[in-house]
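The values are calculated or read from the model by the stated rules, or taken from the named source; none is laboratory data. Quick caveat: nothing in here was measured; it's all calculated off a predicted structure. Cβ: placed from backbone, ideal geometry, glycine included. Neighbour counts: every protein chain shown. Calculation scope for accessible area: heavy atoms of the full protein, side chains included, ligands and nucleic acids excluded. Shrake-Rupley method; radii C 1.70, N 1.55, O 1.52, S 1.80 Å.
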Amino acid sequence: MWWSRHLLPALLLALAACGFQPVYGPGGTGTRLQNQVLVSEPDDADSYVVTRQLEQRLGRGAPAAYTLEYTLATREEGLAVDRQGYTTRFNLLGKADYTLTEIATGRVVTSGSVDSFTGYSATGTTVATLASERDARIRLMTILADEIVQRLLSSDLG
């Protein structure tokens, strides 16, 4: 295979020349954030899921170098209506604004906003609909937390 012998090393060299650095390599953002982020305390079920997922991905900052504050906003939209006028499918939309701050200096390292959505069906029993909504909320909060982590890992901690 010609390309693996000649083209692949050239691509790797080009990536190295442009400053590419693996996230979890020595000195990478992932390595610098691992177990160094103190996530804000949850105050409701949604923020509990987000905090749990953030700590699972970033670790817990025992002595932390950074604080991560976030705010959540969710809303629900009806999607499908049956002949009797009952909504049978809902979209759950969520947004998270976040700020990563360096504790020693108080400098805001990065901040931003992420959003996503999940859906659930309301065609079963009341219990089934409530379970479906709860599952959709957990999935949405997990997605938002994962998106925050992706943004943090791609940021310049400078």
For all pairs of alpha-carbon atoms in region 105-158, what percent lies in each bin of width 5 Å, listed from the first bin to the last filled one?
-> 4, 19, 19, 14, 13, 10, 8, 6, 5, 3, 1
Using Cα pairs closer than 8 Å and at least 6 residues apart in sequence, work out the relative contact order for region 94-157, in percent.
-> 33
Net charge near E69 (other residues with Cβ under 11 Å of its Cβ; Lys, Arg +1; Asp, Glu -1) is -2
Tell me the Kirkwood hydrodynamic radius of region 48-148 in angstroms, computed as one over the mean inverse distance between distinct C-alpha pairs.
-> 15.3
Just by accessible area at a 1.4 angstrom probe, what is the order of R52, R107 from largest to smallest?
-> R52, R107
Over region 42-93, with neighbouring protein chains present, the accessible area per residue in Å² at probe 1.4 Å is 63
Ignoring ligands and nucleic acids, Y98 exposes an accessible area, probe 1.4 Å, in Å² to the nearest 10, of 10
Förster-model FRET efficiency, 41 Å R0, R89 and Q56, C-beta, rounded to 0.05 | 0.85
Rounded to the nearest Å, the spacing of the alpha-carbon centers of region 122-158 and region 60-95 is 7
